[in-house]
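S.K.: One structure, as C-alpha cells, below. Some questions next.
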Amino acid sequence: MEEMHPVEAVIAAADDAINREDIDAVMECYAEHAVLVVRPGMHAVGKGQIRQALIAIAEHFAHTLMVEQLTMEVLDSGNTALVVALTRISAKGMEPVDRKAIYVFERGSNGRWLCTIDNSYGHELLEGVHA
C-alpha cells in the first residue's frame, strides 16, 4: 500500500474543517497569497478575501456544505505539488455534484505544505472561453 502524501493529509484536514464549518482551521491550510476560485469568473485572493468567501459560501449552502475527495493524484516536484482530484460537493436540498478539481500546494521552508491555488472547478473555468 502506498504511503499517503503529506498534501493528502492537508486536504483531508481542510475538508473536515469545511464540513464542521471551522473557518479558522480551514484557513490554516492556505498560504498567505493563496487564490480560491469561488466560482468561474470570481476569485478570492489572499487569506482575508478567502475567509470572507468561505463565510459567504457556508451561508449560501445554509451551513450544510459537505466536501469530500473521492479520489486524487498528487504530483510533486521540489516544493510544488499539483493535485488533481474528483471532489464531491453536497448540501441539504441539492444533488451531490462531482467536480474535477485542481489544487496547487507549496512547501514552505518549515516543510509544511499549504494550498496556493484552490480550484474545485478544474477545467470548467474554460467553459464558454473561446481561443
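S.K.: Within the range 98-120, take every residue that is assigned to a strand (DSSP E or B) and of a type in the set (D, E, K, R) and give me the one that is farthest from the chain's Cα centre (by Cα).
M.R.: Residue satisfying both the conditions and the ranking: Arg107.
S.K.: Ok, one more. Hey, could you check the range 70-104 for residues that are touching a residue at least 60 places away in the same chain (Cβ under 8 Å) and not aromatic (Phe, Trp, Tyr) and say which is surrounded by the most Cβ atoms within 10 Å (Cβ to Cβ)?
M.R.: Val83
S.K.: Considering only the range 39-65, state which residues are over 22 Å from Leu125 (Cα atoms) and either surrounded by 15 or more Cβ atoms within 10 Å (Cβ to Cβ) or in contact with an Asp or Glu (Cβ under 7 Å, 6 or more places away or on another chain) (or both).
M.R.: Once the filter is applied, which keeps residues that are over 22 Å from Leu125 (Cα atoms) and either surrounded by 15 or more Cβ atoms within 10 Å (Cβ to Cβ) or in contact with an Asp or Glu (Cβ under 7 Å, 6 or more places away or on another chain) (or both), the range 39-65 yields only His63.
S.K.: Among (1) touching a Ser or Thr at 6+ places or on another chain (Cβ under 8 Å); (2) crowded, with 16+ Cβ neighbours inside 10 Å; (3) closer than 20 Å to Leu125 by Cα, where does Leu36 come up short?
M.R.: Failed condition: (1).
S.K.: Next up: I'd like to verify a number: residues in the range 16-72 that are of a type in the set (D, E, K, R) and closer than 18 Å to Thr116 by Cβ, how many?
M.R.: Qualifying residue count for the region: 4.
S.K.: Only one of these conditions is not met by Cys115: (1) under 21 Å from Val45 (Cβ atoms); (2) among the hydrophobic types (A, V, I, L, M, F, W, C); (3) surrounded by fewer than 16 Cβ atoms within 10 Å (Cβ to Cβ). Which number is it?
M.R.: (3)
S.K.: So if I check each of Ala44, Ala25, Ala34, which one is touching a strand residue (DSSP E or B) at 6+ places or on another chain (Cβ under 6 Å), of a type in the set (Gly, Ala, Ser) and without any contact (Cβ under 8 Å) to a residue 24 or more places away in the chain?
M.R.: Ala44
Laboratory data are not the source of any read-out in this text; all were calculated from the coordinates shown. Just so you know, these numbers come straight off a predicted model, no measurement behind them. In this analysis, Cβ positions are derived from the backbone assuming ideal geometry, glycine residues included, and neighbour counts consider all displayed protein chains.
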